[in-house]
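Please read through the structure below; I'll follow up with questions.
The values are calculated or read from the model by the stated rules, or taken from the named source; none is laboratory data. These numbers were taken from a predicted model, which means no experiment stands behind them. Note that we place each Cβ from the backbone using ideal geometry, even for glycine, and neighbour counts take in every protein chain shown. Ligands, DNA and RNA are stripped out before the accessible areas are found, and what is left, the full protein with its side chains, is counted by its heavy atoms. Shrake-Rupley method; radii C 1.70, N 1.55, O 1.52, S 1.80 Å.
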Amino acid sequence: PRCHCPHENNDWITKLAAISPDKKLRDLVMPGSHDSASVTISNWAPFSAVGLCQNVSVNEQLQRGARYLDLRVGGNKKSTLVDDTFICHGFLKGASFPDIIEEVHEFLRYNPGEFVILEVIYQKHEMSPEQQLRALQLLSSTFDQKVTHDDLNSWFKLSDLTLGQLKKSEKNIIVLVNDRMGQFSLNGTQYDSDAVAGEFGCHHHNFMKNKWHNTANAHTLLESNESFLKRTCNNYDKFLNSQFVMTPQPPGGVCDVLALLVGAKSLRPVSLARELYGKDVLEAFVRDHAEDRWNIVLLDFLDLCPQLIRFLIGLNSPKHLKIEQASVTPKDEESTLIPGKQERSQSSGLLVPISDRTIDVTKTIQKLKRRDCCLYLLDFKRDLEISMDEGTLRLKAQFDDEEPLDLQIQFDCDTEYLLCDS
């Protein structure tokens, strides 16, 4: 896979806000990370491979472009210390919860213009009420630029909120918590969702619409997400979380057990993710549905789909991509040059001879643009409607008033190519 994108992913919202301040936050397509801190579960723990959903640290996920984080937390009901709270996935335990929160804080310290949606889910491993209180206090004291309860009651109206308004407010994170995290009693004081939002700036997770699809079948997952998006995309008062996450299924009979034994099925999320990330599966689905109103796109193993993440971010660009000319030439030593037929390269200014087997694919390429700002080729032979398996794509393109691009892309049957600017 190759990508012609001039920017890094660590500050993509900052850059976007600078050139498109009227862009609404709810209109952003944002990569999200499922079970974000599960990478900290020890490989030596029994059944750890079943609970592992990420390969890189939370900070690295943010550097790679994720702007939604899903943290599962538990604790020790005999302890009152926040240092005894930890990341978990089911019964599996990971790193200290305060350590993971510091990773998020560190990222925002170096990238203050970004915006992160942090969801904290109190799962298994029961916490004491004192621990819950201290965990909320930790979140409140760590993120001093968080969206507060007063903000929600005044200017933070998701349906109208622009990146320019967000930048002006200097707020860079919103913290969401589930019912269990936001409801407890301590020393005669009853905490509920409103009290937790008001005192700690941690808001109820009904601020976001999502659906767990609970399937290990890739095509069922895609169809279910498409249906979910159609039902919910017009709800602009909430974040919309499309979960492209494959869920391992327990064996339902002898056939399933045999399939697991011979490797035809797997309970490891990484195996399911590799199946999903095939270019004819999720990448093709997202590209073909790029015009839909995606918001958060939730993924496992962000390191396994870097080009997909880049494409999702690129869909936010306000810059228009103009395809001026596109042609392909086969990789064939016997192809000859047409005498006297030349064209001038825009990059070098030199006259370039034209092969007698050059095929013009300009109109085909133009139809493959997405949101008028991205070009994502997954299968050159199929996408360009050509018969050759190997060759060179000559592409002349331009983003608005930027310098024209004169690109030569060598391709074979495995090549993917992304052209975007964001």
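Would you mind stating whether I121 is in contact (Cβ under 8 Å) with a residue 12 or more places away in the chain and open to solvent by less than 10 Å² (accessible area, probe 1.4 Å)?
no
Does the range 17-36 contain any residue that is open to solvent by 30 Å² or more (accessible area, probe 1.4 Å), over 19 Å from P306 (Cα atoms) and free of Cβ contacts under 8 Å to residues at least 40 places away in the same chain?
So far as the range 17-36 goes, yes, one or more of its residues are open to solvent by 30 Å² or more (accessible area, probe 1.4 Å), over 19 Å from P306 (Cα atoms) and free of Cβ contacts under 8 Å to residues at least 40 places away in the same chain.
Another one. How many residues does the range 61-78 contain that are open to solvent by 10 Å² or more (accessible area, probe 1.4 Å) and either hydroxyl-bearing (S, T, Y) or not in a loop (DSSP other than H, G, I, E, B) (or both)?
Total satisfying the criteria: 2.
Here is a further query. Right, F184: over 26 Å from L92 (Cβ atoms), in contact (Cβ under 8 Å) with a residue 24 or more places away in the chain and among the hydrophobic types (A, V, I, L, M, F, W, C) or not?
no
Could you tell me whether W155 is part of a loop (DSSP other than H, G, I, E, B), touching a residue at least 12 places away in the same chain (Cβ under 8 Å) and loosely packed, with under 13 Cβ neighbours inside 10 Å?
no
Tell me yes or no: at least one residue of the range 187-208 is out of contact with any strand residue (DSSP E or B) (no Cβ under 8 Å at 6 or more places or on another chain) and among the aliphatic types (A, V, I, L, M).
Yes, because at least one residue in the range 187-208 is out of contact with any strand residue (DSSP E or B) (no Cβ under 8 Å at 6 or more places or on another chain) and among the aliphatic types (A, V, I, L, M).
May I pose another question? Just checking, how many residues over the range 264-318 are of a type in the set (F, W, Y), in a helix (DSSP H, G or I) and either surrounded by fewer than 20 Cβ atoms within 10 Å (Cβ to Cβ) or at positive phi (or both)?
Looking only at that region, the number is 1.
Please verify whether N235 is part of a loop (DSSP other than H, G, I, E, B), under 18 Å from V29 (Cα atoms), more than 17 Å from the chain's Cα centre (by Cα) and not hydroxyl-bearing (S, T, Y), treating the condition exactly as stated.
When the stated conditions are applied, N235 passes them.
Of (1) more than 30 Å from Q131 (Cα to Cα); (2) without any contact (Cβ under 8 Å) to a residue 24 or more places away in the chain; (3) touching a helix residue (DSSP H, G or I) at 6+ places or on another chain (Cβ under 8 Å), S193 satisfies all except one. Which?
Just one mismatch for S193, condition (1).
Scan the range 215-224 residue by residue and report those that are open to solvent by less than 30 Å² (accessible area, probe 1.4 Å) and either without any contact (Cβ under 8 Å) to a residue 60 or more places away in the chain or in a loop (DSSP other than H, G, I, E, B) (or both).
Of everything in the range 215-224, those that are open to solvent by less than 30 Å² (accessible area, probe 1.4 Å) and either without any contact (Cβ under 8 Å) to a residue 60 or more places away in the chain or in a loop (DSSP other than H, G, I, E, B) (or both) turn out to be T215, L221, S224.
In the range 176-214, what residues are among the polar types (S, T, N, Q) and either assigned to a helix (DSSP H, G or I) or within 20 Å of the chain's Cα centre (by Cα) (or both)?
S193, N206, N210, N214
Give me the residue from the range 286-324 that is among the β-branched types (V, I, T) and closer than 25 Å to K396 by Cβ and, out of that set, nearest to the chain's Cα centre (by Cα).
For the range 286-324, the residue satisfying everything is I313.
Residue-wise test of (1) in contact with a helix residue (DSSP H, G or I) (Cβ under 6 Å, 6 or more places away or on another chain); (2) buried (at least 17 other Cβ atoms within 10 Å of the Cβ); (3) without any contact (Cβ under 8 Å) to a residue 60 or more places away in the chain; (4) hydroxyl-bearing (S, T, Y).
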| residue | (1), (2), (3), (4) |
| --- | --- |
| V361 | no, yes, yes, no |
| R371 | no, no, no, no |
| D379 | no, no, no, no |
| S387 | no, no, yes, yes |
| G391 | no, yes, no, no |
| D401 | no, no, yes, no |
| D414 | no, no, yes, no |
| L419 | no, yes, no, no |
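Can you tell me which residue is nearest to the chain's Cα centre (by Cα) among those in the range 161-175 that are within 19 Å of D27 (Cβ to Cβ) and assigned to a loop (DSSP other than H, G, I, E, B)?
The extreme case among them is N172.
Something else: Tell me, which residue of the range 79-93 that is charged (D, E, K, R) and out of contact with any strand residue (DSSP E or B) (no Cβ under 6 Å at 6 or more places or on another chain) is least open to solvent (accessible area, probe 1.4 Å)?
For the range 79-93, the residue satisfying everything is D84.
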